[in-house]
Amino acid sequence: MQTVWLGGAEWLAVLRIGLGLWWLESWRHKDKKGWFERGTGIAWAQNVAAKHRWATVRTGFDRVVAPRPKAMAYVVVYAELALGLGLVVGFLTPVALVGGLLLNLLYLVLMIHDWAEQGQNAMMALISLVALFAMSWQTWSVDHAIGLF
């Protein structure tokens, strides 16, 4: 497929890199000191989960996240960084795309009542699916350069 400026494979790489930059921006704008030292991120999520309309979300949060808030803060913050870097440079791209898709779906379920968050997470999940099934790591990626996938 040829387009005006780039070919189809290059546009898929642009989409993948753009998604990676979106994850990096999500990581960049977080108050890391608040997340790690004061627990603000997990406390906010706990407040959201406590009011959630689905009991399974409340129960799941209380069983998985609430007992280990500091560890979960590190998981969330550094997962976003790892996803962003992996997608921008194209390293372990399918793993990053699946991980990002799962994290977006988790955010989507947690924030079911917030339409602004719904839109962002739905778009990121859709881009992840397109980039995954179109094998966007075939152009401009470390994966392609070393023949990984």
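The values are calculated or read from the model by the stated rules, or taken from the named source; none is laboratory data. What you see is a predicted model, and the numbers here were worked out from it, not measured in a lab. Positions of Cβ are backbone-derived with ideal geometry, glycine not excepted, and every protein chain shown enters the neighbour counts. Just the protein is used for accessible areas: all its heavy atoms, side chains included, with ligands, DNA and RNA removed. Shrake-Rupley method; radii C 1.70, N 1.55, O 1.52, S 1.80 Å.
Numbers for the structure displayed
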| read-out | value |
| --- | --- |
| Filter result (open to solvent by 60 Å² or more (accessible area, probe 1.4 Å) and of a type in the set (D, E, K, R)) within region 20-68 | GLU25, ARG28, ASP31, LYS33, GLU37, ARG38, LYS51, ARG53, ARG58, ASP62, ARG63, ARG68 |
| Members of region 87-121 that are more than 11 Å from the chain's Cα centre (by Cα), of a type in the set (Gly, Ala, Ser) and either closer than 25 Å to THR59 by Cβ or surrounded by 18 or more Cβ atoms within 10 Å (Cβ to Cβ) (or both) | GLY90 |
| Cβ-Cβ under 6 Å pairs, at least 6 apart or on other chains, region 86-114 side more than 14 Å from ALA45 (Cα to Cα), far side at pLDDT 95 or above and among the basic types (Lys, Arg) | LEU87/ARG16 |
| Hits in region 139-149 - residues which are surrounded by 16 or more Cβ atoms within 10 Å (Cβ to Cβ) and either of a type in the set (S, T, N, Q) or modelled with pLDDT under 95 (or both) | THR139, SER141 |
| Residue list for region 1-24, filter: farther than 17 Å from SER141 by Cα and free of Cβ contacts under 8 Å to residues at least 40 places away in the same chain | MET1, GLN2, THR3, VAL4, TRP5 |
